[in-house]
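What follows is a short report on a single structure.
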Amino acid sequence: MGEFEVHRVRFFGLVPAGVRCMAYQHNGRRLALARTDGAVEVYNFAANYYMEKAIPGHQTRSVEALCWAAGERLFGAGLSGDITEYDLERLRPARAVDGFGGPIWSMAANNDGTRLAIGCEDGSVKLFQVVPGGGVQFEKNLDRQKGRVLCLSWHPSGTHLAAGSIDFIRVLDVHSGRTAQRIMVNCHVPKSKKRECVVWSIAFLSSGTVISSDSFGRVQFWDWERGTLQDSHTVSSSAALSLAVSEKEDSIVVGTSAGATYQFQLLPVKAGGQEKRWVRTKPFQHHTHDVRAVVHTPTALISGGLDAQLVIRPLMEKVQKKGYDAALRKFTLPHRRLVSCARKARLLLFQFSQHLELWRLGSTNKTGKDGETLPLSRMPEHLLQLKSKGPEHIYCSCVSPCGSWIAYSTASRFHLYRVQHEGDSISVKKVPGVPKLLLPAYQLQCASDSGRLFIASDRGSVHVVQLLEPGGCKHLHTLRPPAGTREAVYLLASSADGNWLAAVSGDWEVHVYSLKHFKHHCTVPTYSCAVTALAIHPTTNNLFISYSDQQLFEFSIPEKQYTAWSRAVQNSGLHKLWLERDSPITHIAFNPKNTSQVLLHDVYMLCVLDKSLPCPQPLPDDSAVLVNQSTLKQLSEPARRRQLHAFKICKKFQPLLFADLLDERCLVTVERPALDISAQLPPPVQQKKFGT
Amino acid sequence: MVRRRRRQEKEAAPVAPAAAPPSSEDDEAPEELSFGTARAEAEAERKLVGEAARRHRELLKEKRRRRQELFAEQKRRKLLPEALLQELAAAPPARADERSPAAAPDKRPQGVSAKQNEGRIPGQVKKDKAGGTRSKGNYIAVHLKDENLTGLHQQTAKDFIHSQLYGPGTNRTSANEFFSIANKKDLVKKAAVQFVDKSWGLEKKQRATKFTKYWVARKVTNTL
């Protein structure tokens, strides 16, 4: 097959931001997630839990509550005091309405999705109506009492609201606006521990029970009409920060500051009896830091913590069949490509949220055997750090293959820089006169001859900009899909000869454009899943596509149909272990010398796909082992040839952020060890262990 | 004749004992001085003391006079020349418009005193910078539009969350200690996760790398 020299890069200091709040959309099976840096992400559960949309954050934006309303509309509210509606087609905050109550701590939508209630810093609860055309409109102010409203919950019928504050809970009548009941939460605490009790989250059941979780680590069940405590469970010694109820109201999940989540279920006291009680059933410890957001879906418990992990834990009793659906999923690294590689110049561009770093790879002049570490003759060098001006975070960035152009885009500005290499040092100059395009750019791709830059924009359009030599650029053309679409393009791929361009928009349509005539060439047949990576082969001009359900397709652009190899793979099916991988493939690269080799990678593995060899059969009784590289090394030549198959998987470099072929003998892998991320997280709650 | 002799004796007698210091060994009675000499002595002493006191008083008066003059001089220096004061009285509205209304009463006296400070040191020459250059000064330029109530509310809210989650009552530990517990409880004890803090001696290392670069460059230019 081949021997590769691997540049193992571990100096990309990416620290993802923690998860702050989540909202689940039941009919669409989507999860919206907001992070502490203001970024909002949407995960599509139907498309194998792929992060289909990402709105980058803002330095001053902090999202405290998210909710889905009126079907597909996403609203967020934060400490800046505004209710923001997010435009998921153009991936930006669309409209902001000021709540006039100070920072907004919580927001909840009623069952129909027609009204939004917000809890503000000054202690007031305000109602807003969701306007069908767009935005929200103020309806009325409910009773105001001193003390910030930290959590809100609607009664399923929409007639009452439960609001949690510091030291007390209120139940408000929505129609009259008055407080129907006020319950003091701080009474049942021993005198020695008397401090203020913060009610972090609240839930209102249709039976009239109000469930609250507070900073003493208690989950308490109240009868709102009488104002009495029905049941109290102390779940942890640190605060219980989040609470979520299932749709059937027989199970709740609680997240604590210590990283543990607990499930409570409403179970009969005696088997078959009528009387039911809430019992703590399952403890989970998936996180190391505070769990600030939990969601209860019909089949799974979802928790997001300040350690930047999203954990989806399916409930065994709800899962219909034993299979990959019942597996625990943990997402830490984003499903987007954050590293660009300039192959000829051997440079790597790292995209952080507010700056870019350009590094030159080191080199060695020794050779060695399989598995050896070679000494470096030249260390990797940090050449450049570009800080983005302004509070907005970076949407996308790219570096040209020759290493002389760097471009990046934020929500309102596009920057293009010319980089001059003088010996060992570099000088950077900003390119003036950048064409005025509709911003932001969602993806940037440089042509392989570094002469053109492709900018992905909204409504499915792609701008082609020509890069002129001494430091200038000119807008050449805008490519648009024939049918027109409202979604933005999020992936681009260009061919090596500069004739073809493939673009994927948010509605999962792949369009191929001809760059010689600047018009639309063909559309790849629709598939039911999102595209996670695509690339065009340098010699055969075949478009290689990988989907979020781990399927691989190869489409021939000149012939406008799938290739024979692709049809053969689809007929026989891919191996079960290949389809049961957690993370999507984020980058595809080709070997310039060998036309049948494709390099793919996801977070936990690196695979070289050799199209000339047969695919492993997925039949359960005769299944070939998928990851068989280590066994093949020990076999003799004829035995090896019998067991050889197309997928050559290497799991040595984990977790991978990026992998690429620099030339036919050189690979570069960018890893981000989990321990390096953990060491830079905020302080966790101390776990007292015996003997330490 | 006897009286004259006694008077002469008396006149001679006090002189002799006055000239000779009375010896402490003798148990004699103190010498007898005549009234006239005693009076003369007392007057002389009084005169001396009076002189000393007068001189002392003169000295104090001189000091006080000098201090008063100094204060008068300082007061004169502190106040601006008349022309400038009149100009200032006419000019305040221009500066008050820039500040926000809430901060206007605070800012104005400060602004005026800043001007006074500038006026006090007329001798210092302000360095003129050309349009494009910028000095790395110890100032921060802020957008006044951003410094308003919303920012204050947000900061209070963030402080509340921070104190609730990371404040004194919570049982927090550092990430290094948390993740090193597993290493310490192992059968084979290993070092902590962040055994070496990369920020130790950071400045020294940076200066060392800069110096190496400079030295190598100089060597190269010298040999060429």
Requested in this report: Within region A:160-184, work out how many residues are over 37 Å from the mean Cα position of the chain (by Cα) and of a type in the set (Val, Ile, Thr).
Outcome: 2
Report task. Look at residue A:630 and say whether it is among the hydroxyl-bearing types (Ser, Thr, Tyr), out of contact with any helix residue (DSSP H, G or I) (no Cβ under 6 Å at 6 or more places or on another chain), more than 30 Å from residue B:176 (Cβ to Cβ) and modelled with pLDDT of 80 or more. Result -> no
Report summary line: residue A:494 vs (1) out of contact with any Leu (no Cβ under 7 Å at 6 or more places or on another chain); (2) open to solvent by less than 50 Å² (accessible area, probe 1.4 Å); (3) of a type in the set (Gly, Ala, Ser): all pass except (1)
Query raised in the report: Do we have any residue at all in region A:26-38 that's within 25 Å of residue A:200 (Cα to Cα) and among the β-branched types (Val, Ile, Thr)?
Result: yes
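In this structure, does residue A:419 turn out to be open to solvent by less than 50 Å² (accessible area, probe 1.4 Å), in contact (Cβ under 8 Å) with a residue 60 or more places away in the chain and among the aliphatic types (A, V, I, L, M)?
Values: open to solvent by less than 50 Å² (accessible area, probe 1.4 Å): yes; in contact (Cβ under 8 Å) with a residue 60 or more places away in the chain: yes; among the aliphatic types (A, V, I, L, M): yes.
It is true that residue A:419 is open to solvent by less than 50 Å² (accessible area, probe 1.4 Å), in contact (Cβ under 8 Å) with a residue 60 or more places away in the chain and among the aliphatic types (A, V, I, L, M).
Which residues, counting only those in region A:1-23, are in a strand (DSSP E or B) and either in contact with a His (Cβ under 8 Å, 6 or more places away or on another chain) or of a type in the set (A, V, I, L, M, F, W, C) (or both)? If you could, list the steps in order and put the result at the bottom.
Quick first cut of region A:1-23, residues in a strand (DSSP E or B) only: A:5-9, A:19-23.
Residues satisfying the conditions are A:6, A:9, A:19, A:21, A:22, A:23.
Kindly indicate the residue of region B:166-202 that is of a type in the set (S, T, N, Q) and more than 7 Å from chain A (Cβ to nearest Cβ) and also surrounded by the fewest Cβ atoms within 10 Å (Cβ to Cβ) among those meeting that condition. Quick ask: steps written out before the conclusion?
Let us first name the residues in region B:166-202 that are of a type in the set (S, T, N, Q), namely B:170-171, B:173-174, B:176, B:180, B:183, B:194, B:199.
Checking the rest, the ones that are also more than 7 Å from chain A (Cβ to nearest Cβ) come to B:180, B:183, B:199.
Numbers: B:180: 19, B:183: 14, B:199: 7.
The extreme case among them is B:199.
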Report task. State which residue pairs qualify: first residue open to solvent by 80 Å² or more (accessible area, probe 1.4 Å) and outside any strand (DSSP E or B) and inside region A:274-286, second residue modelled with pLDDT under 95 and not hydrophobic (A, V, I, L, M, F, W, C) in any location, beta carbons under 8 Å apart, and separation of 6 or more residues or different chains. Result -> A:274/A:268; A:275/A:268
Query - Verdict on residue A:87 being within 14 Å of chain B (Cβ to nearest Cβ), open to solvent by 10 Å² or more (accessible area, probe 1.4 Å) and of a type outside the set (S, T, N, Q) - result: no
Query raised in the report: So which of A:638, A:616, A:684, A:673 ends up being within 14 Å of chain B (Cβ to nearest Cβ) and either touching an Asp or Glu at 6+ places or on another chain (Cβ under 9 Å) or over 30 Å from residue B:192 (Cβ atoms) (or both)?
Result: A:684
Query raised in the report: So which of A:478, A:410 ends up being over 26 Å from residue A:361 (Cα atoms), surrounded by fewer than 22 Cβ atoms within 10 Å (Cβ to Cβ) and not aliphatic (A, V, I, L, M)?
Result: A:478
Query raised in the report: What are the residue pairs meeting all of these: first residue in region A:460-482, first residue without any contact (Cβ under 8 Å) to a residue 40 or more places away in the chain, second residue of a type in the set (Lys, Arg), Cβ atoms under 6 Å, and 6 or more apart or on different chains?
Result: A:461/A:480; A:466/A:452; A:466/A:474
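Against the condition hydroxyl-bearing (Ser, Thr, Tyr), more than 14 Å from chain B (Cβ to nearest Cβ) and under 30 Å from residue A:684 (Cα atoms), how does residue A:228 come out, does it pass?
On the way: hydroxyl-bearing (Ser, Thr, Tyr): yes; more than 14 Å from chain B (Cβ to nearest Cβ): yes; under 30 Å from residue A:684 (Cα atoms): no.
Criteria not met by residue A:228.
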Report task. Hey, can you tell me all the residues within region A:556-599 that are assigned to a helix (DSSP H, G or I) and touching a residue at least 60 places away in the same chain (Cβ under 8 Å)? Result -> A:578, A:579
Query - Answer residue from region A:247-259, given it is surrounded by 20 or more Cβ atoms within 10 Å (Cβ to Cβ) and more than 14 Å from chain B (Cβ to nearest Cβ) and is farthest from residue A:22 (Cα to Cα) among those - result: A:251
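For (1) open to solvent by less than 40 Å² (accessible area, probe 1.4 Å); (2) of a type in the set (A, V, I, L, M, F, W, C); (3) free of Cβ contacts under 8 Å to residues at least 24 places away in the same chain; (4) at negative phi, each residue gets a yes or a no:
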{"residue": "A:213", "(1), (2), (3), (4)": "yes, no, no, yes"}
{"residue": "A:220", "(1), (2), (3), (4)": "yes, no, no, yes"}
{"residue": "A:229", "(1), (2), (3), (4)": "no, yes, no, yes"}
{"residue": "A:244", "(1), (2), (3), (4)": "yes, yes, no, yes"}
Query raised in the report: If you go through region A:231-242, how many residues are outside any loop (DSSP other than H, G, I, E, B) and either touching a residue at least 24 places away in the same chain (Cβ under 8 Å) or within 14 Å of chain B (Cβ to nearest Cβ) (or both)?
Result: 6
Report task. Could you grab me the full set of residues in region A:60-70 that are open to solvent by 40 Å² or more (accessible area, probe 1.4 Å) and more than 14 Å from chain B (Cβ to nearest Cβ)? Result -> A:70
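Out of the residues in region A:524-555 that are outside any loop (DSSP other than H, G, I, E, B) and of a type in the set (Ser, Thr, Tyr), state the one that is surrounded by the most Cβ atoms within 10 Å (Cβ to Cβ).
A:532
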**Report entry** residue A:101, sole failed condition from (1) within 14 Å of chain B (Cβ to nearest Cβ); (2) modelled with pLDDT of 90 or more
**Finding:** (2)
Query raised in the report: Failed condition for residue A:292, given (1) under 30 Å from residue A:258 (Cα atoms); (2) in contact with a Ser or Thr (Cβ under 8 Å, 6 or more places away or on another chain); (3) open to solvent by 10 Å² or more (accessible area, probe 1.4 Å); (4) away from chain B (no Cβ under 14 Å), with all others met?
Result: (4)
Requested in this report: Go through region A:31-85 residue by residue and tally those that are more than 18 Å from residue A:507 (Cβ to Cβ) and touching an Asp or Glu at 6+ places or on another chain (Cβ under 7 Å).
Outcome: 9
Query raised in the report: Of the residues in region A:151-169, how many are of a type outside the set (A, V, I, L, M, F, W, C), closer than 22 Å to residue A:21 by Cβ and not in a loop (DSSP other than H, G, I, E, B)?
Result: 2
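Quick check on region A:33-55. Is at least one of its residues closer than 21 Å to residue A:349 by Cβ, in contact with a helix residue (DSSP H, G or I) (Cβ under 8 Å, 6 or more places away or on another chain) and part of a loop (DSSP other than H, G, I, E, B)? I'd like the intermediate steps shown before the answer.
Step one: of region A:33-55, the residues closer than 21 Å to residue A:349 by Cβ are A:37, A:39, A:54.
Pick out the ones that are also in contact with a helix residue (DSSP H, G or I) (Cβ under 8 Å, 6 or more places away or on another chain) and you get none.
The answer is no, given that none of the residues of region A:33-55 is closer than 21 Å to residue A:349 by Cβ, in contact with a helix residue (DSSP H, G or I) (Cβ under 8 Å, 6 or more places away or on another chain) and part of a loop (DSSP other than H, G, I, E, B).
Test of understanding: among A:112, A:98, A:37, which residue is among the acidic types (Asp, Glu) and within 16 Å of the chain's Cα centre (by Cα)?
Details: A:112 fails: within 16 Å of the chain's Cα centre (by Cα); A:98 fails: within 16 Å of the chain's Cα centre (by Cα).
Just a single option satisfies the conditions, and that option is A:37.
The values are calculated or read from the model by the stated rules, or taken from the named source; none is laboratory data. Remember, predicted model here, so these are calculated numbers, not experimental data. All Cβ positions, glycine included, derive from the backbone under ideal geometry; neighbour counts span all protein chains shown. Please note that ligands, DNA and RNA were not included when accessible areas were found on the heavy atoms of the full protein model with its side chains. Shrake-Rupley method; radii C 1.70, N 1.55, O 1.52, S 1.80 Å.
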